[in-house]
Amino acid sequence: MTAPIFDQIAVIGIGLIGSSIALAARESGAARKVSLFDRDADVRKRAKKLRLGEVCDTAEAACDGADCVILCVPVGAIGETTKQLAPALKAGAILTDVGSVKESVLGEMQAHCPDKVFLIPGHPIAGTEKSGPEAGFPSLFREAWHILTPLPQREEDYNSAVDRLAGFWEMLGAKVEIMDAGRHDRVLAITSHLPHLIAFNIVSTAYDMESVGEGEVVKYSAGGFRDFTRIAASDPTMWRDVFLNNRAAVLETLGRFTEDLAALQRAIRWGDGDMLMKEFERARGIRKAILDAGQDTSETNFGRNTKDKN
Ligand code: NAP
């Protein structure tokens, strides 16, 4: 069996991602010990029952002796959490996070992270629409990308800390990619943030439409709508923070999207079937590329995470 990468990791925020990390670290043997903290006493109680690791009553106690501290709280809470934890971090420890936005998070973490600690932000491109400690499962990160956005131009010991953290995520089954924080935010704006915004919007439009009763929306949802409802069921706090913290990239992407949507609207109005065919065939090609890259399966239950056992 491979030796653990870390003697002790601390997971702060015991939701879907935090509990999945705890379970995966234990199952893979990537960490000898997992200590956890969540600000919600009820979540801590449930995490104890789920045997996710040593659940502590304070964040400082969870970080005591940890070689790697992983912040799994909403993006809007990462800066404040770093500030609170800074005095409790041991010299030479790695501080990382899993936030879905990187540039603003990096700035906030950097402002509070002590010099003796290696700050290496990260983001697992894996998740479900579920929240809370019960939603976690150890295979969540398997075959998924994990993006690390290290600080540029650092010394040798910083680079070896990046290698250790990459090795940890690889033991959890992830494929690690190194990226600049700004680039991460632009890529995720189109691949994740905009699709979620569209899903939230289409679900509320359908809900508000007076010509279609709510019963009919639910009854005929298999026509495509239900896949949007799955995405739109994602945690509201998490997504509020994502949009507030990736404002520029999301607005830029949204501008392009609304222009393209207006072009489709015009083609429908003027009966331009050739234009519609051209666009739909191009979209079909992109779907094929995603399947060829192994990023989804061609099963007819597209949109449902078959790895998700909850
Ligand atoms: P979640 O299931 O809602 O869990 C977050 C947990 O953190 C909640 O128990 C929350 O408690 C707790 N928390 C909030 N502020 C805290 C604080 N200051 N100190 C300690 N605990 C605190 O969320 P999640 O889906 O695991 O997401 C966590 C992070 O992962 C977010 O930054 C998100 O952007 C990122 N992420 C999520 C996904 C996904 O698909 N869900 C994928 C990749 C990355 P309360 O309920 O009391 O607020």
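Check which residues have an amide H placed less than 5 Å from residue 176's amide H, if you skip close sequence neighbours.
Counting only residues 5 or more places away or on other chains, the set is 146.
With +1 on the Cβ of every Lys and Arg and -1 on the Cβ of every Asp and Glu, and nothing else charged, how large is the dipole of the chain about its Cα centre, in debye rounded to the nearest 20?
Charge dipole, the chain, about its Cα centre: 600 debye, nearest 20.
What does the charge dipole of the stretch 10-89 about its Cα centre add up to, to the nearest 20 debye, if the Cβ of each Lys and Arg holds +1 and the Cβ of each Asp and Glu holds -1?
Here the stretch 10-89 has a charge dipole of around 300 debye.
Report, in order of residue number, the helices in the chain meeting two criteria: a C-alpha extent of 20 Å or more along the helix axis, and a mean Kyte-Doolittle hydropathy of at least -1.0; treat each whole DSSP H run as one helix.
Flagged H segments are 156-171, 194-208, 247-269, 273-292.
Residues with amide H under 5 Å of residue 65's amide H, sequence separation 5 or more or different chain, H placed in the peptide plane at 1.01 Å from N; which?
Counting only residues 5 or more places away or on other chains, the set is 90.
Antiparallel versus total DSSP beta bridges in the stretch 6-179: what percent is that, nearest 5?
10 percent
Hey, what did the stretch 158-269 get for relative contact order, percent, Cα under 8 Å, at least 6 apart?
33 percent
Starting at the first residue of the stretch 65-72, write each ³J(HN,Hα) from the Karplus equation 6.51 cos²θ - 1.76 cosθ + 1.60 with θ = phi - 60°, in whole Hz, x for Gly and Pro.
With coefficients 6.51, -1.76 and 1.60, one gets x, 6, 7, 8, 10, 10, 7, 10 Hz.
About the Cα centre, and with charges only on the beta carbon of Lys, Arg (+1) and Asp, Glu (-1), how big is the dipole of the stretch 55-113? Nearest 20 debye, please.
Charge dipole, the stretch 55-113, about its Cα centre: 120 debye, nearest 20.
List every residue whose amide H lies under 5 Å from the amide H of residue 130, counting only residues 5 or more places away in sequence or on a different chain, with H placed 1.01 Å from N in the peptide plane.
none
Lys/Arg Cβ at +1, Asp/Glu Cβ at -1, dipole of the chain taken about the Cα centre: which of 56, 127, 297 is farthest positive-ward?
Of the candidates, 297 comes out farthest on the positive side.
Where does the charge balance sit around residue 121 when Lys and Arg score +1, Asp and Glu -1, over other residues with C-beta under 14 Å from its C-beta?
Summing Lys and Arg as +1 and Asp and Glu as -1 gives -3.
Counting DSSP beta bridges in the chain, what percent are antiparallel, to the nearest 5?
Around 10 percent antiparallel, to the nearest 5.
For the stretch 1-73, what does the relative contact order come out to in percent, with C-alpha contacts under 8 Å and a separation of six or more?
Over the stretch 1-73, the number comes to 43 percent.
Return the subset of 33/130; 83/116; 33/90 for which the Cα-Cα distance in this structure is over 21 Å, preserving the input order.
Beyond 21 Å between Cα atoms: 33/130.
Bear in mind that the values in this text are calculations on the coordinates, not laboratory data. Keep in mind the model is a prediction, meaning the values are calculated, not measured. Cβ atoms come from the backbone with ideal geometry, glycine included; neighbour counts cover every protein chain shown.
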